[in-house]
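Here is the structure we will look at, set down as structure tokens.
Coordinate-derived values only; no laboratory data. Since the model is a prediction, treat every value here as computed from it, not as a measurement. When we count neighbours, we look across all protein chains shown, and the Cβ atoms used for this are built from the backbone with ideal geometry, even at glycine.
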Amino acid sequence: MTQPLTIDRITAHYGTTKVLEDLSLSVAEGELVSLLGASGCGKTTTLRLVAGFLQPTAGAIRLGSKDLTRLPAHQRDIGLVFQNYALFPHLTVRENVAFGLKQRKVAGPERLKRADAMLDRVGLAHLADRLPAALSGGQKQRVALARALVIEPPLLMFDEPLSNLDAKLRIDMRVEIRQLQRANGTTALYVTHDQEEAFSISDRVAIMHQGRIMQLDTPEVLYQRPANAFVANFVGFENLIPLKVTARNGAEVTAITSEGAALTLSQDQLGPIPNAFTLATRPDGLQATTQGGAGLPAVLGLRTYLGRAYQYQARAGGLSLIANGPLSQPLDPRTAVTLVPNPEQCAILKPE
Amino acid sequence: MTTRIHPLLILFTLVVYVFLLGPLIIIFGASLSDTTYLTFPPQGLSFRWFQNIWDISAFRRTIVTSLQMAFLGTGIALVIGIPAAYALNRYRVALPAWLSTLFVLPILVPEIVIGFSLLRSVTVQAGVPVWYALLIGHTLLVIPYVIRVVSASLASFDFSIEEAAISLGSPPAKTFFTIVLPNIRSGVIAAFILSFITSINDVSVSLFLTGPGVSTLPIQLLAHMEQFFDPTIASVSVVLMLLTILVMIIVERTLGLAIVAK
Amino acid sequence: MKRLAGWMLASPATLAITFLLVIPVAITVGLSFGSPGQGDWGIVQPYADFFASGFRRNVLWRTFTVAGWVTVISLAAGLATAYVVARCPPWMKSTLIVLAVFPLLTGVVVRSFAWLVLLGREGMVNQILQATGLTDGPVAMLYTPGAVIVAMVYIFVPLMVLVLVGVLENIPEDLLQASSSLGAGPVASFFQITLPLAVPGLIVGAVLVFTASFTSYATPHLLGGTRQMMMGTFLQQRALVAFDWPGAAVVAAIMLAVIVATVLVMTRLARRLNPMAT
């Protein structure tokens, strides 16, 4: 019943503006893939193309062996959960959930039975006769979920489903969504701008930027091994240090900055290192120390207090970097320090 | 939306639009006819029926009266209505709820009932001269439109801007003119246009308040139609249409440009 | 302080409407009642007289039926048109809206006059009917209820279209998308989602058209004449031709009562049927 989704080289325009270019993506049976990016990156456009609210100018969309590309939206059989819930305000909760079954000509008693069973699963059986206006945000979201699930679609799609909920509820709901999706084994496409949300519930995440997928991988790989500067920056590698290799000694590689400061890195920890590359680190992965040692000589700027550490603006040659330092030793601006990268918080970016 | 619309529905819409615009085109055509009776398509082409409007002194006089009523009535309604709309929005909590109901009464009460009642009270009992009674009627007619349209634009006005100006040392009355009014300009213009058009086309109120020597164009038009059925009526109608469009354009341009130029 | 400022600003409008509208209309309503000792019915004797007259009852009934038909036809035509207009691409939508506004800017006299020309013995409608052989001679169409209805529909459809385009555009797009994602085609979506959500707006439009056509004067005067008198023309005839002030006041009071009752009942109904509220 559940089907894999294939998006095959689609291009889309809004008027004359190209919003998606040659985008391909496949979601395996039962897999949950998130599209993650800032507004305007094309993630919602992609979802709307799959839903059939927009037409691609080139390319094809397939669900299993069925070609969806030219099919009207109401024949696509996709369960869709909207950002604003999009509950029908004039129908009761039960009628909302039964709406899709009614369109599928499921007989009345059977329809009610299935709607009620689904409401029971999302824990809202007691609210079945209410109108949506009488529900809280979280309850509305559950109804929207039940309404999308009850038609047993081969594909579920979520358009920023949690963005209107408060923080605590958001975490509960994403667990619930993941559980229901897992239990049904439904293929799912999930659109969000919230990194934590995407990473926490997805099998794989596609990070999008300007109508393209910058990297599609498991959350772990994205978080630890970003493939390019955009993704690195997106997942919090705020320091980008261009380096050139000067010497290789087994797994040990020595590389220098344009200013000539040398760093020694281990390929055992960081993977293969090309001759020219960029070292990306999070602020956590760059420690400011006055003890000297192997690292980048730098001068500190503004200090801010993070609770678990101090954070510093720092200048190393021509680079503006952000580094952390221990709470035991607050350092003043203009202190000369060495910035020591911690290999576990670093990634190697190949030249693009 | 990319949803398809059924072709029959599109055809129906087309028919509705032909129904809406066709008659106006016919009036336009009929006004240019060279015949002494109304006909369409026009036979021969002549502007003599437009000339005729000017030659009939009753039309000449009533055009002037209609313009006086529209400009003065709307002007007075703006002067009365804008402060009322401002008060309704700014001091909502301090004013009773029935006040906004009172302000829409002139729309709720049928115009023809207003006209009749004004005739009884203002013209007959109070003995107000016809011209002034007519002006009262026209002002009353458009006050609710002014209050409504200006209120709508004040509803989206952020009053903290006004407070900011006052906190910076601008006196409240001056602040209204320098800060509030420019920001609700489009609402005021819309109120003017709506009121002007309502006033210049009014029949039901004017019907009772016109009198010897003082009449408005639509009322004169009705009177003329009862005796003659010549293309003059069509040409007056065209003039009325053009006048309406002209006023809209002038107001948009002058008021618009004057405030932009500041 | 705030109270004072508010009242000062609102007082000119309040005084104008109170003294020039509320009181004169109240006087009219007062005038419509008789003196207590008069006739079998006391102070409501003038109303009893009104309803005792077959001619007057006919005028009232005709006004109800004409206004009713005008409302129903305008609603149907307006809804279909508004549905198409609301779904057009933006440039076409604004053109269509401007084209609907234009007739609204043109006066009622002018627009009624157009139908006087079209429906006359030598008018275009008769010419077409004869040219196509549908009728042999000219058909008398003026001074019939049909003529009044056609002209009034013509006058009120643009208003209805504008109101309903607004109503339809207020229905959130994602509800229609949700409906189609759940398998509802355009027709099913229209009847199950769009129409129920548009009901409060339809009521507002209907009230607008009904009250305006119930109280109109120029159109029934020109196209109905004295043979098809309606409440508006009857009021004018009583007041300005017969100089029967009390009789005119009764007509005015009945019109006022019908309008106020319609507005009150229907706006309450519209509020009750509005699911977006609660």
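Here are a few things to note about the model shown:
- Shown for chain C are the DSSP H helices of 18 Å or more along their axis, judged by Cα atoms, with a mean Kyte-Doolittle hydropathy of at least -0.5: C:2-17, C:54-87, C:90-105, C:145-169, C:195-214, C:245-272.
- Straight Cα distances below 25 angstrom link C:Lys93 to the lysines A:Lys18, with same-chain residues fewer than 8 positions distant left out.
- Angle in degrees between helix A:137-149 and the longest Cα principal axis of chain A, rounded to the nearest 10: 70
- Cα-based reach from A:Lys168 at 27 Å (exclusive), listing lysines while leaving out same-chain residues under 8 positions away: A:Lys43, A:Lys140
- Helix A:108-121 vs. chain A, principal-axis angle (Cα, 0 to 90°, nearest 10): 30
- Assuming charge only on the beta carbon of Lys and Arg (+1) and of Asp and Glu (-1), the dipole of chain A about its Cα centre is about 840 debye to the nearest 20.
- Between 0 and 90°, nearest 10: helix B:185-200 axis offset from chain B longest Cα axis: 40
- For region C:224-278, the set of trypsin sites (Lys or Arg not before Pro) satisfying both a DSSP loop assignment and a count of at most 15 other C-beta atoms within 10 Å is given as C:Arg227.
- Sparsely packed loop sites in region A:233-313 (the trypsin sites (Lys or Arg not before Pro) outside DSSP H, G, I, E and B with at most 11 other Cβ atoms within 10 Å) comprise A:Arg308.
- Gyration tensor verdict on region B:192-241 (Cα atoms; rounded if a/c is under 1.5, prolate if a/b is larger than b/c, oblate otherwise): oblate
- Dividing the mean sequence gap of close Cα pairs (under 8 Å, 6+ apart) by how many residues chain A holds gives a relative contact order of 16 percent.
- Among C:Phe113, C:Phe210, C:Phe234, the largest mean-square fluctuation in a Gaussian network model of chain C, built with springs joining Cα atoms closer than 10 Å, belongs to C:Phe113.
- Number of partner chain Cβ atoms within 10 Å, mean per residue of C:120-128: 2
- Computed magnitude of the charge dipole of region C:42-272 (debye, nearest 20; Cβ of K, R +1, Cβ of D, E -1): 320
- Amide H contacts of A:Cys346: none lie under 5 Å away among residues 5 or more positions distant or on a separate chain (H built 1.01 Å from N in the peptide plane; Pro and chain starts excluded).
- Taken as Cα centroids, region A:275-352 and region C:211-278 sit 82 Å apart, rounded to the nearest whole angstrom.
- Furthest towards positive pole of dipole, C:Leu164, C:His221, C:Leu208, structure part region C:160-278, Cβ charges: C:His221
- Here the 3J(HN,Hα) profile of region A:212-221, calculated from phi with Karplus coefficients 6.51, -1.76 and 1.60 at θ = phi - 60°, is 10, 8, 7, 7, 10, 6, 6, x, 4, 5 Hz, Gly and Pro shown as x.
- Chain B, helix-only ellipticity at 222 nm - DSSP H runs n ≥ 4, -39,500 (n - 2.57), divided by all residues, nearest 500: -23500 deg cm²/dmol
- Centroid-to-centroid separation of region B:4-66 and region C:76-124 [C-alpha atoms, Å]: 14
- The Kirkwood radius of region A:178-278, taken over pairs of alpha-carbon atoms, gives through the Stokes-Einstein law at 10 °C and 1.306 mPa s a diffusion coefficient of 99 µm² s⁻¹.
- Dipole orientation for region A:5-226: of the candidates A:Ile207, A:Ala148, A:Asn164, A:Ala148 has the Cα lying most toward the positive pole (charges on Cβ; Lys, Arg +1; Asp, Glu -1).
- Low-density loop cleavage sites - trypsin sites (Lys or Arg not before Pro) in region A:72-128, where at most 15 other Cβ are within 10 Å (DSSP): A:Arg104, A:Lys105
- Selected from B:Leu38, B:Leu21, B:Leu246 as most flexible by GNM, with chain B as the system and alpha-carbon contacts under 10 Å: B:Leu21
- For region A:180-189, 3J(HN,Hα) per residue [Karplus equation, 6.51 cos²θ - 1.76 cosθ + 1.60, θ = phi - 60°, Hz, x = Gly/Pro]: 5, 5, 4, 4, 7, x, 7, 5, 9, 10
- Take each residue of peptide B:82-92, count the partner chain Cβ atoms within 10 Å of its Cβ, and average: the result is 5.
- Column: log10 I(q)/I(0), Debye, Cα scatterers of the protein assembly as shown, q = 0.06, 0.09, 0.10 Å⁻¹: -0.62, -1.06, -1.18
- When you restrict to C-alpha pairs under 8 Å that are six or more residues apart and normalise by the size of chain B, the relative contact order lands at 29 percent.
- As a calculated quantity, the FRET efficiency between B:Val15 and B:Tyr37 at R0 = 22 Å, using C-beta atoms, amounts to about 0.15.
- Think of the protein assembly as shown as having a plus end and a minus end, set by charges on the Cβ of Lys, Arg, Asp and Glu; of A:Leu87, A:Gln287, A:Leu306, A:Leu87 sits farthest toward the positive end of this dipole.
- Tensor-based shape of chain C (alpha-carbon gyration tensor, a/c under 1.5 rounded, otherwise prolate or oblate): oblate
- Database remark: amide H of C:Gly183 closer than 5 angstrom to no amide H (H placed geometrically; neighbours at sequence offset of 5 or more, or on other chains; Pro and chain starts carry no H).
- Approximate spin-label separation C:Thr226-B:Ala152, in nm, with each point projected 7 Å along Cα-to-Cβ: 4.3
- Candidates A:Pro132, A:Pro330, A:Pro242: whichever shows maximal mean-square fluctuation once chain A is modelled as a Gaussian network with Cα springs under 10 Å: A:Pro330
- For A:Leu20, residues with placed amide H under 5 Å, excluding near neighbours: A:Ala12
- C-alpha center-to-center spacing [region A:27-62, region B:171-194] in angstrom: 47
- Taken about its Cα centre, region A:236-349 carries a charge dipole of about 200 debye when Lys and Arg each add +1 at the Cβ and Asp and Glu each add -1 at the Cβ.
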